[in-house]
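Single-structure report; data block below.
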Amino acid sequence: MARGQKHKLSESYVGGNVVNPRGAKNAKTQEPTVLLAKDVYYEEGGLQRVYPYFHRFATHAKGRWVGRTIYDVFTKEFRDRPKAYYEMAIEKGIIEINAETVSKDTVIRNGDLVTHFIHRHEPPISTQELRIVRETEDGLLVVDKPGSIPVHPTGRYNYNT
């Protein structure tokens, strides 16, 4: 099986289209997006790459967030970006609460849905052919793959799995 192709048993493979229920959603409407594989993947220098895309991280308020401002939560719990980024992201609506633009002084309440829209660039993976070792009638699939290719969406990999 060639890289960039989903196995017919995968829930993400529908008639040659990649359906990603985990991350490929229209940010504002929450409707699943159907993407053609050619619109997601390309090959360059012996590696499979994914075109950059927008991703929506969403989670309900954690107990430790309740009563704190959105700015405080992002600057103290998500320290991979500078404080100035989070201030700008909140002001521009890149970070929202319950699908609404808020100020950096907005206090998080129990049950709030916190979302953050980001532009992602996934690391490339090998284009080495995958080999199906065994496929059972009840849907078990054993695949021989390079160790560097993730098995499921995780961390920095959403499509390149």
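The values are calculated or read from the model by the stated rules, or taken from the named source; none is laboratory data. All values reported here derive from a predicted model rather than from experimental measurement. A quick note on method: Cβ atoms are made from the backbone with ideal geometry, for glycine too, and the neighbour counts reach across all protein chains shown. Heads up: the accessible areas ignore ligands, DNA and RNA and are worked out on the full protein's heavy atoms, side chains in. Shrake-Rupley method; radii C 1.70, N 1.55, O 1.52, S 1.80 Å.
Overview of results
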{"read-out": "Per residue value of the accessible surface for the range 69-161 (all protein chains in place, 1.4 Å probe), Å²", "value": "61"}
{"read-out": "Trypsin sites (Lys or Arg not before Pro) within the range 70-161, DSSP loop, no more than 15 other Cβ atoms inside 10 Å", "value": "ARG79, LYS92, ARG109, ARG156"}
{"read-out": "Under 26 Å between alpha carbons - lysine pairs in the range 42-161 that sit 8 or more apart or on different chains", "value": "9"}
{"read-out": "If the convex hull is drawn through the Cα atoms of the range 98-144, its volume per residue in Å³", "value": "184"}
{"read-out": "FRET efficiency, 1/(1 + (r/R0)^6) with R0 25 Å, evaluated for MET88 and TYR51 via beta carbons", "value": "0.50"}
{"read-out": "Residue-level accessible surface for THR161, protein heavy atoms, 1.4 Å, Å²", "value": "30"}
